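Undergrad: There's a structure below that I have some questions on.
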Amino acid sequence: PIQVQSWTPGTISQTVISVIGGLMSSITVTLDRSKDAVSTDPRTALAGVVHVSLGDLGRIVESIQSLLEGSATVPDRVVPATFQIGLVESRSLIDGIRTGDVAVLDKLATMFSAHDAVPLLRSLASTMESGVRIRASDPAGPRYCADWVQTSTGEWVGFRILGSPQLGADPSAQAIMDEARVELTRRRTPTFVADVLSLASSYALEGARVE
């Protein structure tokens, strides 16, 4: 299955997508995210909207795009960028950005040779009112993982943890914290829709081979 968690300033949604052959089915629970909301957990919420979708794989695009209709307007100019950096280093730099101390931030960036990554990490240090988290798995284990957030300036930043030989096949949470690297991507339009559609297509092809 493909699991999608998304949020905008007004709502929070959780979606589960299943693929059988060339067809998909999805169920989405959307809840109010306002301060007056009783609960933003679909397991305990007393009010919300449930949407069920059935059809061909193209409906996956519609389902995911509709989740972010309440997100902010994207600026006309966004300079695309992609960086890879250690997870520990990225967290240290974000903490340095949040302190507001330019000297400390400069020392950290020099220590990690990561001056080019600072503008993108600065975006992650701001308020993230909209975003989407995607997880996919099969019987063999996790298959795809990606997070995209919309920063206070309207641009989209994606990040995903990269595999590493040092992590092994079944890394612990501490090993991931110590050894993992993260890939950060800044785009005007997030690419997760294409990623999910590609993932669903591969599920469909594998199902056809099994049959």
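Undergrad: Any residue at all in the stretch 111-128 that is at pLDDT 85 or above, basic (Lys, Arg) and open to solvent by 60 Å² or more (accessible area, probe 1.4 Å)?
TA: Taking every residue of the stretch 111-128 in turn, none turns out to be at pLDDT 85 or above, basic (Lys, Arg) and open to solvent by 60 Å² or more (accessible area, probe 1.4 Å).
Undergrad: When both residues are 6+ apart or on different chains and their Cβ atoms are under 7 Å apart, which pairs have a first residue that lies in the stretch 82-97 and is on the phi > 0 side of the Ramachandran plot and free of Cβ contacts under 8 Å to residues at least 40 places away in the same chain, and a second that is part of a helix (DSSP H, G or I) and crowded, with 18+ Cβ neighbours inside 10 Å?
TA: From the stretch 82-97, no pairs qualify.
Undergrad: Being of a type in the set (D, E, K, R), assigned to a loop (DSSP other than H, G, I, E, B) and out of contact with any Phe, Trp or Tyr (no Cβ under 8 Å at 6 or more places or on another chain) narrows it down to one of 76, 95, so name that one.
TA: 76
Undergrad: Taking the condition assigned to a helix (DSSP H, G or I), within 22 Å of residue 183 (Cβ to Cβ) and under 18 Å from the mean Cα position of the chain (by Cα), does residue 85 pass?
TA: Criteria not met by residue 85.
Undergrad: Does residue 137 fit the bill of being closer than 30 Å to residue 10 by Cα and open to solvent by 20 Å² or more (accessible area, probe 1.4 Å)? Outline the logic, then answer.
TA: Working: closer than 30 Å to residue 10 by Cα: yes; open to solvent by 20 Å² or more (accessible area, probe 1.4 Å): yes.
Spelling it out, residue 137 is indeed closer than 30 Å to residue 10 by Cα and open to solvent by 20 Å² or more (accessible area, probe 1.4 Å).
The values are calculated or read from the model by the stated rules, or taken from the named source; none is laboratory data. Just so it is clear, the structure is predicted and the values come from calculations on it, not from any experiment. Using ideal geometry, Cβ is built from the backbone for each residue, glycine included, and neighbour counts are taken over all protein chains shown. Each accessible area value is taken on the protein alone, full model and side chains, heavy atoms only, with ligands, DNA and RNA left out. Shrake-Rupley method; radii C 1.70, N 1.55, O 1.52, S 1.80 Å.
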